[in-house]
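See structure below.
The values are calculated or read from the model by the stated rules, or taken from the named source; none is laboratory data. Note that the coordinates shown come from a computational prediction; the quantities given were computed from them, not determined experimentally. Note that each Cβ is placed from the backbone with ideal geometry, even for glycine, and that neighbours are counted across all protein chains shown.
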Amino acid sequence: MGGFFGVVSKEDCVCDLFYGTDYHSHLGTKRGGMAVLGPDGKIIRRIHDITNAQFRSKFDEDLDDFRGRSGIGIISDYEDQPLIITSRLGTYSIVTVGRINNLEELAQQAFERGHIHFAELSDGELNPTEVVASLINRADSIAAGIELAQRVIDGSCSMLILHGESIYAARDRYGRTPVIIGEKDEALAVSMESTAFPNLDYHQKYELGPGEIVHIINHRVIQKKAPGDTMKMCAFFWVYYGYPSSTYEGVNAEIARCRNGAIIAADDDVDIDSVCGIPDSGIPHAIGYSNAAHKPYLRAFVKYTPTWPRSFMPQNQQMRDLVARMKLIPVQDQIEGKKLLFCDDSIVRGTQLRDTVKRLYERGAREVHMRSACPPLLFGCPFLNFSRSKSELDLAARRAIAHLEKGEITRETLERYMKFGSPEYNAMVEYIRKDLHLTTLKYQQLEKLLAAIGLEPEKVCTYCWTGRDVESVAPTIG
């Protein structure tokens, strides 16, 4: 998905920028980049491939080249960023996080307006950030250009723009990703993760609303566009990919996950020896379950953290499965002869979980029970690059429905499978249970997940479970 960080300081900002950007490394493993406005008024930029190395290790040798009081950085999911753009609005650097579904259409419109060319990524796709910059350059000011981009983009796009010794920060139109302002005596920072603030001595000052645009300059935050009325913050920030110490819309991710696990346990009466969490994001759900169920929390797997990244990042399925296997090391004495209950954030494809269950039985587990912290995933996300799967049939729940229906899958058909406790829902869960060789399998109910998060339900995006969103988005049945 990606994450960004920016600083405007009265003193040199490079140290804060370096470590603040690094605190977003859990959100992407493809590209890392930083851009700083140097003392001579020119932008200094470096971009590195971080596929097989940590962000910090790639930028250590570059730090002496950076000097300046304002800068932006990003951990990107797949494209080179930041970009440096020279335009009639001046020279600026830009980073973006989100997903643009109408990229080709926007590029064609730019060509029709006289835009000469766009650069391409290594796989032949357009660079989304460059297309966003072309939209901004159509307006009479950067703020007006950002507003135009937010209005015409199908998907989502949050961004930072380094312009002189200032930063424009914008949250995507419906607030699917967070953008948070931090403050200390000599500096203001803007981040996607509040986790980046405490160890750099920032305290949280302000969280941008959906579609809001601000200009950070002269130690002031100047609003350029007020937030919209509709917010659809991605629920998965609390379920999975938000860092545990981060808080979004006043709700801490770790607390929401523990609360969710406790809610799952309240409806469960399974006979088990211990509760385990699939590292890392399954752990707080499991702790919440353990405390509520009065069953010991024990680690049947430990994560080898020095070298292995999060397994959702590699887009090649074979590499994803390899990373998932290599990073989890079994604890034999916690497995052999035991009835184990695992909590995980979600079941997406199910391939990694099937291998994990197989390994547990090979090591002598008597029973393996699974509790998913969210409902069955039925729709691919059209708003964030959580996964770049080409077909919704990659999803375990959709494969189960396709097997059970043996025919055309309509919206009406999916509605029956969405209804918790319906015969269709139970059949889908049972099919997945057998496919993964689990003793029992239960998913969290959507209403109870939303209760665990604690925001008004209308403020949370639940598209991946319901296929419904702002303006009654109609999902493509794949």
Next on the checklist: So, E367, is that one modelled with pLDDT under 95 and surrounded by 16 or more Cβ atoms within 10 Å (Cβ to Cβ) or not?
Outcome noted: no
Checklist outcome for this item: Of (1) in contact with a Ser or Thr (Cβ under 9 Å, 6 or more places away or on another chain); (2) free of Cβ contacts under 8 Å to residues at least 12 places away in the same chain, T86 fails just (1)
Checklist entry - With (1) charged (D, E, K, R); (2) under 17 Å from P375 (Cα atoms); (3) at pLDDT 95 or above as the list, and D267 as the residue in question, which single condition is left unmet? => result (3)
Checklist outcome for this item: Within segment 237-261, of all residues that are over 18 Å from S191 (Cα atoms) and in contact (Cβ under 8 Å) with a residue 40 or more places away in the chain, the one surrounded by the fewest Cβ atoms within 10 Å (Cβ to Cβ) is R259
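Per-residue answers, yes or no, for (1) in contact with an Asp or Glu (Cβ under 8 Å, 6 or more places away or on another chain); (2) at pLDDT below 95; (3) not in a helix (DSSP H, G or I):
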position	(1), (2), (3)
A189	yes, no, yes
Q223	yes, no, yes
V239	yes, no, no
S245	yes, no, yes
E254	no, no, no
N260	no, no, no
I272	yes, no, yes
V275	no, no, yes
P279	no, yes, yes
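Let's see how each residue does on (1) more than 20 Å from A133 (Cα to Cα); (2) modelled with pLDDT of 95 or more:
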residue: I43; (1), (2): no, yes
residue: D60; (1), (2): yes, no
residue: G71; (1), (2): no, yes
residue: S76; (1), (2): no, no
Item to check | Output for segment 434-457, where each listed residue is free of Cβ contacts under 8 Å to residues at least 24 places away in the same chain and part of a helix (DSSP H, G or I) | outcome: K434, E447, P457
Item to check | Among the residues listed as R46, R67, the single one being touching a helix residue (DSSP H, G or I) at 6+ places or on another chain (Cβ under 6 Å) and over 29 Å from Y174 (Cα atoms) | outcome: R46
Next on the checklist: Among the numbered criteria (1) closer than 25 Å to C13 by Cβ; (2) surrounded by 24 or more Cβ atoms within 10 Å (Cβ to Cβ); (3) outside the structural domain of I75 (by TED's automatic domain parsing), which one does L188 miss?
Outcome noted: (3)
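So that you can scan it fast, the table gives a plain yes or no per residue for (1) farther than 19 Å from F197 by Cβ; (2) touching a Cys at 6+ places or on another chain (Cβ under 9 Å):
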{"position": "V7", "(1), (2)": "no, yes"}
{"position": "G20", "(1), (2)": "no, no"}
{"position": "H26", "(1), (2)": "no, no"}
{"position": "K30", "(1), (2)": "yes, no"}
{"position": "V36", "(1), (2)": "yes, yes"}
{"position": "R46", "(1), (2)": "yes, no"}
{"position": "T51", "(1), (2)": "yes, no"}
{"position": "G71", "(1), (2)": "no, yes"}
Checklist entry - If you scan segment 262-277, which residues turn out to be surrounded by fewer than 18 Cβ atoms within 10 Å (Cβ to Cβ) and either touching a strand residue (DSSP E or B) at 6+ places or on another chain (Cβ under 7 Å) or not hydrophobic (A, V, I, L, M, F, W, C) (or both)? => result D267, D268, D269, V270, D271, D273
Checklist entry - Among the residues of segment 24-34, is there at least one that is in contact with a Phe, Trp or Tyr (Cβ under 8 Å, 6 or more places away or on another chain), farther than 27 Å from C234 by Cα and buried (at least 23 other Cβ atoms within 10 Å of the Cβ)? => result no
Checklist entry - Can you name the number of the only condition in (1) outside the structural domain of Y174 (by TED's automatic domain parsing); (2) under 22 Å from the mean Cα position of the chain (by Cα); (3) touching a residue at least 24 places away in the same chain (Cβ under 8 Å); (4) surrounded by fewer than 18 Cβ atoms within 10 Å (Cβ to Cβ) that V302 fails? => result (2)
Checklist entry - Taking E79, is it surrounded by fewer than 19 Cβ atoms within 10 Å (Cβ to Cβ) and either part of a helix (DSSP H, G or I) or not basic (K, R) (or both)? => result no
Checklist entry - For segment 96-132, what are the residues that are hydrophobic (A, V, I, L, M, F, W, C), in contact with a helix residue (DSSP H, G or I) (Cβ under 7 Å, 6 or more places away or on another chain) and surrounded by 15 or more Cβ atoms within 10 Å (Cβ to Cβ)? => result I100, L103, L106, A107, A110, F118, L126, V131, V132
Item to check | segment 458-478 - residue that is assigned to a loop (DSSP other than H, G, I, E, B) and over 14 Å from L377 (Cβ atoms) and, of those, modelled with the highest pLDDT | outcome: R468
Item to check | Residues satisfying the stated conditions in segment 326-359, i.e. farther than 24 Å from E254 by Cα and crowded, with 23+ Cβ neighbours inside 10 Å | outcome: I335
Item to check | Subset of segment 82-95 (residues that are part of a strand (DSSP E or B) and surrounded by fewer than 23 Cβ atoms within 10 Å (Cβ to Cβ)) | outcome: L83, I84, I85, T86, S87, G90, T91
Checklist entry - Restricted to segment 381-420, and to residues that are part of a helix (DSSP H, G or I) and in contact with a Gly (Cβ under 6 Å, 6 or more places away or on another chain), which residue is modelled with the lowest pLDDT? => result E392
Checklist entry - Any residue in segment 133-155 that is assigned by TED's automatic domain parsing to the domain that holds M34, buried (at least 20 other Cβ atoms within 10 Å of the Cβ), in contact (Cβ under 8 Å) with a residue 40 or more places away in the chain and assigned to a strand (DSSP E or B)? => result no
Item to check | C464 assigned by TED's automatic domain parsing to the domain that holds N260 and touching a helix residue (DSSP H, G or I) at 6+ places or on another chain (Cβ under 6 Å) | outcome: no
